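Enquirer: Right, I'll just put the structure down here and ask away after.
The values are calculated or read from the model by the stated rules, or taken from the named source; none is laboratory data. Treat the numbers as computed from the prediction; the structure is a model and nothing was measured. Positions of Cβ are backbone-derived with ideal geometry, glycine not excepted, and every protein chain shown enters the neighbour counts.
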Amino acid sequence: MFKNLIATCFLGLSAIILGAFGAHALKEVLTPQELLSFETGVRYQMYHVIVLLFVNIYDGFTRAQKNRISYIFFLGIFLFSGSIFAIHLTAITAKNIWFITPIGGITLIIGWLYMVAVFLKKIANN
């Protein structure tokens with residue numbers, strides 16, 4: 001659990017750093033549309049950091065469920081936000097990795113669906 005929380009804290013920290021970097025250093029480098037895309041990556045990363053904090057402190061999940069949800073969201077953040085950051089911060093073009101961002105989005109959706117399944121199972125068992 002603490003490893004997940006530590007990883008989550010680093011993701012939160014990096015979201016703040018990347019958000020500030022985007023708002024200040026990239027303002028003159030990226031087009032408004034590119035900056036909006038970059039901000040979407042930061043925003044989705046931070047949303048899922050908040051969810052990961054909840055998941056890992058919530059007593060209603062087993063350790064295995066916490067780990068599974070965390071790994072799914074870590075992967076989703078890496079693929080979704082990471083691909084957006086790679087496109088805007090490196091020479092990698094969207095044309096080269098266009099398929100990674102939607103895979104990341106689907107991975108995040110899977111994480112949410114897994115949580116729904118866990119809660120529905122809890123309801124059924126009560």
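Enquirer: Check T8 against each of (1) in contact (Cβ under 8 Å) with a residue 60 or more places away in the chain; (2) over 26 Å from V116 (Cβ atoms) and name the one condition it does not meet.
Expert: Exception for T8: condition (2).
Enquirer: Within 13 Å of the chain's Cα centre (by Cα), among the β-branched types (V, I, T) and on the phi < 0 side of the Ramachandran plot: is that true of I84 in this structure?
Expert: The answer is yes for I84.
Enquirer: The conditions are (1) closer than 15 Å to F38 by Cβ; (2) touching a residue at least 60 places away in the same chain (Cβ under 8 Å), and A94 fails exactly one of them. Which is it?
Expert: (2)
Enquirer: Just the residues that are acidic (D, E) and more than 21 Å from N125 (Cβ to Cβ), please, taken from the stretch 30-76.
Expert: E34, E39
Enquirer: For the stretch 48-57, which residues satisfy the criterion of being farther than 13 Å from I109 by Cα and either surrounded by fewer than 18 Cβ atoms within 10 Å (Cβ to Cβ) or in contact (Cβ under 8 Å) with a residue 60 or more places away in the chain (or both)?
Expert: Selection gives I50, L53, F54, V55, I57.
Enquirer: Now for a separate question. In the stretch 58-81, which residue that is assigned to a helix (DSSP H, G or I) and free of Cβ contacts under 8 Å to residues at least 24 places away in the same chain is farthest from the chain's Cα centre (by Cα)?
Expert: A64
Enquirer: Outside any helix (DSSP H, G or I) and of a type in the set (A, V, I, L, M), is that true of A124?
Expert: no
Enquirer: Confirm whether V42 is in contact with a helix residue (DSSP H, G or I) (Cβ under 7 Å, 6 or more places away or on another chain), farther than 18 Å from R68 by Cβ and among the aliphatic types (A, V, I, L, M).
Expert: For V42, the condition - in contact with a helix residue (DSSP H, G or I) (Cβ under 7 Å, 6 or more places away or on another chain), farther than 18 Å from R68 by Cβ and among the aliphatic types (A, V, I, L, M) - is met.
Enquirer: With surrounded by fewer than 15 Cβ atoms within 10 Å (Cβ to Cβ), over 10 Å from the mean Cα position of the chain (by Cα), closer than 30 Å to N125 by Cα and at pLDDT 95 or above as the only criterion, which of I92, I109 stands out?
Expert: After ruling out the rest, the residue left standing is I109.
Enquirer: Taking N96, is it among the polar types (S, T, N, Q), in a helix (DSSP H, G or I) and under 23 Å from N4 (Cα atoms)?
Expert: Spelling it out, it is not the case that N96 is among the polar types (S, T, N, Q), in a helix (DSSP H, G or I) and under 23 Å from N4 (Cα atoms).
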